[in-house]
1. Given the condition in contact with a His (Cβ under 7 Å, 6 or more places away or on another chain), crowded, with 17+ Cβ neighbours inside 10 Å and either part of a strand (DSSP E or B) or without any contact (Cβ under 8 Å) to a residue 12 or more places away in the chain (or both), answer yes or no: does some residue in the stretch 49-59 qualify?
2. Suppose we filter Ser50, Ser34 for residues that are over 30 Å from Asn311 (Cβ atoms), hydroxyl-bearing (Ser, Thr, Tyr) and at pLDDT 95 or above; which single one remains?
3. If you check Ser226 against the conditions, is it modelled with pLDDT of 90 or more, more than 17 Å from Gly288 (Cα to Cα), assigned to a helix (DSSP H, G or I) and of a type in the set (Gly, Ala, Ser)?
4. Mind checking which pairs have a first residue in the stretch 262-287 that is part of a helix (DSSP H, G or I) and a second that is among the charged types (D, E, K, R) and surrounded by 14 or more Cβ atoms within 10 Å (Cβ to Cβ), Cβ under 7 Å, 6 or more apart or different chains?
5. Has the stretch 184-199 got any residue that is touching a Cys at 6+ places or on another chain (Cβ under 7 Å), modelled with pLDDT under 95 and surrounded by 16 or more Cβ atoms within 10 Å (Cβ to Cβ)?
6. Just to check your reading of the model, which residue among Arg341, Arg346, Arg307 is without any contact (Cβ under 8 Å) to a residue 24 or more places away in the chain and either under 19 Å from Gly131 (Cβ atoms) or over 22 Å from the mean Cα position of the chain (by Cα) (or both)?
7. Restricting the search to the stretch 230-246, which residues are buried (at least 19 other Cβ atoms within 10 Å of the Cβ), modelled with pLDDT under 90 and assigned to a loop (DSSP other than H, G, I, E, B)?
8. Of the numbered conditions (1) surrounded by fewer than 19 Cβ atoms within 10 Å (Cβ to Cβ); (2) in contact with a Phe, Trp or Tyr (Cβ under 7 Å, 6 or more places away or on another chain); (3) farther than 30 Å from Glu208 by Cα, Arg312 fails exactly one; give the number of that condition.
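The values are calculated or read from the model by the stated rules, or taken from the named source; none is laboratory data. Remember, predicted model here, so these are calculated numbers, not experimental data. Neighbour counts run over all protein chains shown; Cβ positions are idealised from the backbone, glycine included.
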Amino acid sequence: MEDFQIYQLAGQVLGTLTQELNDGIYAELGGELSIGWREGRKFGAYASSSADPAAPIRHSITIYYELVRQVWRDAEGLCEFLRSIPEGTDVDRLYDFYGDREKLPTCFDEDEHVKNIFVAAITWVFFHELGHLMQEHGVIRAEFGSTAEDLGLAADVQDFEASGDDVLAGREAVVSHATELAADFEAMNFYIVELIRHVSDPRFVRIEARTEVLAGLVYLMLCGLSLVFFRFNGAKLLAPSAVVEGSHPNPLTRLEINLPQIHESLDSKLMRAICGHEMDRKELVMLGGKAALSATLYWTMTKTESRQFDNRFLLRGILTNPTVLEYLQPIVACWDEMLPRVLELRRFGTPTGVMTFTKAFRYRIAEVIPWGKGPEGASQASVASTSLRP
């Protein structure tokens, strides 16, 4: 597909979403949402809001053309890479853990693989920016961040490739990371609702094929989301760190947090009643893990300097990673502090879109011991790199 065609498709997809939101939620609130496009070789997007949360809602989302172009090219590259893995190689055998070696859903053809990854990824980015706007994160960062001086300037919340950003630290970094994760949470909630609405339409998919198509779309969406996170991470190291720094969380940490939200939402009684899919929790977890593996294989073996697969980049689950648990300690504390103000500013959205942490999860991160000879010790540091070639 030519670049101008990519831009046209993105305009159609995101323009339709914007119009639907204006006709519904924003019309009811007497507000307006607009979408804009910018040139420049930046992989990024940003959300803008009036600095006065008491004024009528005037929200805008701006997407760089380079973002949608690169998302499409990454989707093409991923699909080509997965199809090129020779049968019986070490990389191919990694998929045995997930029950089969199918690397792309058979219910879609080659063109549909790329298009579905692309549409899912840019839709999620759009919803992520919407999440910032829903919770007025510009105002939140101005009120709770250490460098907040001008609410007018703070009304822009930007998401760009992290390697080009000034490195945030301390309180400012914690507030930024907490609001990024909160926007992720809103985005995933929006996306799942839209996905279920789409799949439940008998004009789109037959009832008997609903489970297979839903599984395929979720898989491709997670592949696309992983690539977006990797792109936003830029040239920074992928290995998680307990230190909160920079503007955005580590992409692996974001995936570790987003995946359970998908599993829990799709496994809920409500979603099952609406969609009628037949996947159980284990199947959903395996589906997410397989998608993350595919994206990680592609990224580490084609985009990193070593061009080798490193098993340290595999997802292992938040609760088993003391580094991530230690990282989340100040994030959760900061979110608890900001949440009452977030709820005061949030003028629309379902309760399921607000980021929450269970008592069990809070206890787990509070009790983590990242040193010593116990199971939480430095064993993580001994994980070695594994070189595999397709």
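1. Yes, the stretch 49-59 contains a residue that is in contact with a His (Cβ under 7 Å, 6 or more places away or on another chain), crowded, with 17+ Cβ neighbours inside 10 Å and either part of a strand (DSSP E or B) or without any contact (Cβ under 8 Å) to a residue 12 or more places away in the chain (or both).
2. When all the criteria are applied, what remains is Ser34.
3. Here the answer is no, as Ser226 does not meet what is asked.
4. So the pair list comes out as Cys275/Arg210; Arg281/Asp267; Leu284/Asp267.
5. Yes, that holds for at least one residue.
6. The unique qualifying residue is Arg307.
7. Within the stretch 230-246, Pro240, Gly246 qualify.
8. Failed condition: (2).
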